[in-house]
1. Please state which one of L170, L180, L133 is under 21 Å from I50 (Cβ atoms) and at pLDDT 90 or above.
2. Anything in the range 6-20 that is of a type in the set (V, I, T) and surrounded by 10 or more Cβ atoms within 10 Å (Cβ to Cβ)? List them, or say none.
3. Among residues belonging to the range 118-131 that are touching a residue at least 12 places away in the same chain (Cβ under 8 Å) and in a helix (DSSP H, G or I), point out the one that is farthest from K71 (Cα to Cα).
4. Can we say N74 is surrounded by 15 or more Cβ atoms within 10 Å (Cβ to Cβ) and over 21 Å from C196 (Cβ atoms)?
5. Under 7 Å between Cβ atoms, at least 6 apart or on separate chains: pull out the pairs that start in the range 52-77 with a residue that is at positive phi and end on any residue that is assigned to a helix (DSSP H, G or I) and buried (at least 22 other Cβ atoms within 10 Å of the Cβ).
Amino acid sequence: MVRLHGFCAVESKRFLVHEYLANGSLAAHLFQKGSNTLDWKTRHSVAIGIAKGLEYLHEGCRDCIVHCDIKQGNILLDAELAPQIVDFGLAKVPGWDVSRVITTMRGTRGYLAPEWISGAITSKVDVFSYGKLLFETISGKRNIEELNSDMRNYLPLQVANPIAKGEEVLPLVDRRLNGLVEMEEVCRACNGACWCIQDSERDRPTMSQVVQIMVVEKPSIPRSFCKL
């Protein structure tokens, strides 16, 4: 979590003061033209760091906190390229509500879990968003940038199919890495990402399971993909 140093409230003006994060957003490093390419070791470390942050929010705090807007733009990198989760403007504490669930749509297109549409949601929406973020971190592509009507170029589907069939996943890794990756880590990351975006929140792992890289069995393809 980004460290908050203080705040300022003068009439209608409101400011939050947090630590300076010299390397900007993860989105800029992955998607901005001319940006420095993050090597695989850094990407893997960043992915684990984000998972640890979400594990703390969901399981380490006195009350579970749901961020509700996990995406590359809300991950900032410090001078050592360690990730910090920022922008809690949409965050929710379910335990503070009588219903203990969230029913209002929030978040960013491309990262939203399906239950946002169908009804009440839980902290598993952050797990879903993390899975989408993980796909992007592996590939260096936005998961909706090549979306078309038949979804053949939908990034999560491109990863899920080879994983389910036991095929090579290296072609899905960001070409800027020139194949310089740890394949076991890549396979586990792809595997974990597929579990995180399962249609049913009950089938998704907890963030503590993601942190421990405990999901090693082949995931099932989300049911919605089977119709494509």
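1. On the way: L170 fails: under 21 Å from I50 (Cβ atoms); L180 fails: under 21 Å from I50 (Cβ atoms).
Unique residue meeting the criteria: L133.
2. As a first pass, look at the range 6-20 and keep what is of a type in the set (V, I, T): 10, 17.
Scanning the range 6-20 gives a single hit, V17.
3. In the first step, residues of the range 118-131 are kept if they are touching a residue at least 12 places away in the same chain (Cβ under 8 Å); the result is 119-131.
Subsequent filtering for residues that are in a helix (DSSP H, G or I) retains 124-131.
Details: K124: 15, V125: 12, D126: 10, V127: 11, F128: 11, S129: 7, Y130: 7, G131: 10 Å.
The extreme case among them is K124.
4. Numbers: surrounded by 15 or more Cβ atoms within 10 Å (Cβ to Cβ): yes; over 21 Å from C196 (Cβ atoms): no.
When the stated conditions are applied, N74 does not pass them.
5. C68/V125
The values are calculated or read from the model by the stated rules, or taken from the named source; none is laboratory data. Worth saying up front: this structure is predicted, and the values here are computed from it rather than measured. Cβ: placed from backbone, ideal geometry, glycine included. Neighbour counts: every protein chain shown.
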